[in-house]
Amino acid sequence: MSFVQFSRISLSFGDRDILKDVSLRLAAGSRSCLTGANGSGKSTLMKIIAGKMNADAGDRAVQRDARISYLPQSGIIHNGKTLRDETESAFSFVHGLIERMQKTGDLLQNAKSDDASTAALLQEHHSLQEQIEESGYYRREGEISSVLCGLGFTIKDFNRDAGEFSGGWQMRIALAKVLLEKPDILLLDEPTNYLDIEARNWLEIWLKDFKGGYLLVSHDRYFLDFCVNEVYELFGGNLRRFAGNYTSYEKTRQIELEGLIKRYKEQQEEIAKTENLIRKFRYKASKAAFAQEMIKRLEKMEIVEIPESFKKINIGFPSPPHSGNIALTLEGIGKSYAQRKVLSGLDLCLDAKERLVVAGPNGAGKTTLLRIIAGKDDNFEGSVKFGSGICAGYFSQDAAESMNSTLTVLEYLEEEAPTNLIPKIRDMLGAFLFRGDDVYKSVSVLSGGEKSRLALLKMFLKPMNLLILDEPTNHLDLHSKDILLDALKKFEGTIIFVSHDRSFMEELSTKVLELKTNEHKESSSSNAIIYYGNYAYYLERISGAETEMKNREAEKNKNESKSVITNEQKRFIDKEKQTAIRRLERQEAQILKEMEELEIKKSSLEEDLSRPDIYSNGEKAKEVKQKLDKCVSDIETKTHEWSIIASELEKAK
């Protein structure tokens with residue numbers, strides 16, 4: 001089994017410890033994510049694992065011939081090749097395997113059949129053949145097409161120069177290449193940043209079927225819940241492992257946080273009392289020694305810190321102006337770009353206080369529709385009518401382009417904020433990732449992501465009753481998304497938004513407008529469908545229409561069967577059902593208990609394997625590795641047993 005292992009890795013920048021004695025092991029089958037506050041060192045650790053950066057201390061062990069592929073957050077540009085040729089370069093590592101296989105074949109031709117080395121050559125030749133086959137090299141045309149189309153490219157794009165694509169699409173090309181490499185260990189730093197919901201769904205399925213191991217950094221909670229079964233948290237330079245998906249990690253951390261907050265409050269009270277004593281006695285000669293002792297006690301005190309991602313910050317909006325019951329009416333909206341019809345015949349009536357998410361594939365016209373509603377595009381067919389008293393605010397993906405102020409971030413917001421919000425500006429900036437000295441940066445030197453966050457926050461300072469938001473969660477971490485979501489839920493006005501964050505869409509939306517491409521429609525017909533429910537309801541409707549019909553038929557037959565059952569028979573059936581449910585619940589509880597014990601055992605074995613006295617001893621390492629493999633196999637078996645029992649229990653209930 002291919003693996004990469006680190007023991008007691010440390011790294012410092014100046015006087016700041018980024019990593020302190022960090023130990024980590026990734027192997028084929030690992031389904032892991034790395035979390036932590038912005039600036040905690042996640043990307044730095046990923047680079048060290050990938051071999052792109054050296055640590056100050058510690059041991060790094062990579063199994064011989066193991067391949068590691070790394071996708072950074074940004075900064076990759078491709079040009080000089082067509083899209084198809086650029087992605088085919090992902091198979092360049094296979095050329096070395098083919099060359100080795102040919103050399104081995106040449107040696108076999110001259111080898112003696114009874115020579116002891118011949119068997120080794122045959123084994124190597126066979127192994128190389130298997131590696132080439134598993135790489136997909138001989139099926140690369142199909143695999144390239146599958147991956148590129150899954151990530152949102154079209155067949156027409158394949159012969160375009162890679163340099164023609166924008167920054168977001170450049171990162172999709174980079175993602176396609178690392179996926180096509182099929183490495184033993186895959187490191188993805190924010191892979192969903194530039195993906196729409198369809199591409200994210202495709203990536204989730206791809207990762208589920210991936211045979212190697214991976215470590216993800218992502219700010220998409222749903223994506224993490226679907227893809228990972230263990231979470232590594234980086235906080236204060238220390239790394240901790242939590243079994244389970246991201247939601248499970250958050251629940252565990254929340255319980256821990258309650259105790260942490262209690263200790264934090266007690267320590268802050270102690271610090272305050274000690275500082276009062278120091279101020280009281282430090283300038284009195286008779287108490288100077290006592291004051292010095294207090295100062296030393298403070299200096300030696302190990303400060304209790306609350307992780308930034310668990311601090312609760314509440315931001316609110318100014319009270320929205322009063323409006324009528326109808327927020328917005330669209331009639332016959334149509335929009336074309338040259339010969340391409342993007343929107344056609346779209347009608348919509350939106351009540352006040354509704355939360356409408358606009359969904360659909362790339363190119364369906366989501367951003368175009370929001371620009372039309374916001375008045376940023378007046379070249380369209382049809383009419384847009386705001387309701388009585390409607391005051392709209394618009395946030396766009398390109399909001400950063402017009403921000404070139406020489407004011408500091410803090411001054412920029414204070415200039416825009418109403419008087420009653422000025423005392424809250426620092427907290428609001430912190431919620432949007434402007435912390436510490438960041439608030440004194442000039443707006444003109446901010447990155448594109450920082451400007452986007454500032455533009456979003458600026459919009460929230462003004463009294464409005466209709467928010468039009470195009471990708472508001474881009475460039476926000478999970479903590480900031482939660483703060484934004486909480487504020488939007490409390491907002492008393494109407495919201496129209498586009499997002500690629502599934503959990504955000506499900507939590508906020510009350511109605512879904514689905515836009516479809518016009519490729520298979522008459523140009524005069526509407527390409528929009530309204531669903532009266534949240535995004536989860538919408539997904540259920542579009543994926544389960546046929547299943548729903550079958551269920552209704554089955555329910556109908558079931559009800560017809562029930563109508564001829566006597567009361568005595570019903571009591572007997574109910575009794576049997578309850579007995580079966582209790583039996584299944586006992587089996588489920590036992591399996592879950594065994595799974596928990598196995599997870600604890602797995603963690604213990606992984607820690608043993610990371611100890612220098614174990615991994616440096618071949619026999620001991622082999623013994624622990626065998627136990628670990630057995631433990632992983634047992635967990636998979638128990639997980640399968642649990643899924644069967646859980647399914648039976650769900651049917652029984």
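The values are calculated or read from the model by the stated rules, or taken from the named source; none is laboratory data. Computed from a prediction, not measured in an experiment: that's the story for all the values here. Every residue, glycine among them, receives a Cβ derived from its backbone with ideal geometry; neighbour counts consider all protein chains shown. Heads up: the accessible areas ignore ligands, DNA and RNA and are worked out on the full protein's heavy atoms, side chains in. Shrake-Rupley method; radii C 1.70, N 1.55, O 1.52, S 1.80 Å.
Computed per residue of the chain from DSSP H runs no shorter than four, each worth -39500 (n - 2.57), the mean residue ellipticity at 222 nm is -15500 deg cm²/dmol. Placing a pseudo-label 7 Å from each Cα along the Cα-to-Cβ vector at Phe13 and Tyr537 gives an inter-label distance of 4.6 nm. Could you point to the residue in Ala199, Ser146, Ser218 farthest towards the positive end of the chain's charge dipole, with +1 and -1 charges on the Cβ of Lys/Arg and Asp/Glu respectively? About the Cα centre, the residue reaching furthest to the positive side is Ser218. Apolar share of the accessible surface for the chain: 48 percent from carbon plus sulfur atoms, 1.4 Å probe. Each other residue within a Cβ distance under 10 Å of Lys211 adds +1 if Lys or Arg and -1 if Asp or Glu, for a net charge of -2. When you filter the trypsin sites (Lys or Arg not before Pro) in region 220-286 for DSSP loop state and at most 11 other Cβ atoms inside 10 Å of their Cβ, you are left with Lys284.
Pairs from the table (Lys156/Lys341; Lys177/Lys341; Lys353/Lys462; Lys335/Lys516; Lys251/Lys593) lying more than 23 angstrom apart at Cα are Lys177/Lys341. Candidate values (1) 317; (2) 265; (3) 163 were compared with volume of the Cα convex hull per residue in Å³ computed on the shown model; the agreeing label is (2). In the full protein context, region 151-259 carries 37 Å² of accessible surface per residue, based on a 1.4 Å probe and ignoring ligands, DNA and RNA. The relative contact order of the chain, computed from alpha carbon pairs under 8 Å that lie at least 6 residues apart in sequence, is 13 percent.
Need one number: % antiparallel among DSSP beta bridges in the chain, to the nearest 5. That works out to approximately 55 percent antiparallel. Taking label points 7 Å from Cα along the Cα-to-Cβ direction, Trp206 and Lys103 give a separation of 3.2 nm.
Calculated over region 394-437, the projected area of the Cα convex hull averaged across directions stands at 3.9 nm².
Measure up Lys47/Lys211; Lys577/Lys630; Lys182/Lys620 against 27 Å on the Cα-Cα distance and list the ones that go over. Table pairs above 27 Å Cα-Cα are Lys577/Lys630; Lys182/Lys620.
To the nearest 0.05, how large is the calculated FRET efficiency for Gln123 and Asn617 if R₀ is 35 Å and r is the Cβ-Cβ distance? Given R0 = 35 Å and the Cβ-Cβ separation, E is 0.85.
With the simple model of a label 7 Å out from the Cα in the direction of the Cβ, Thr247 to His95 spans 4.7 nm.
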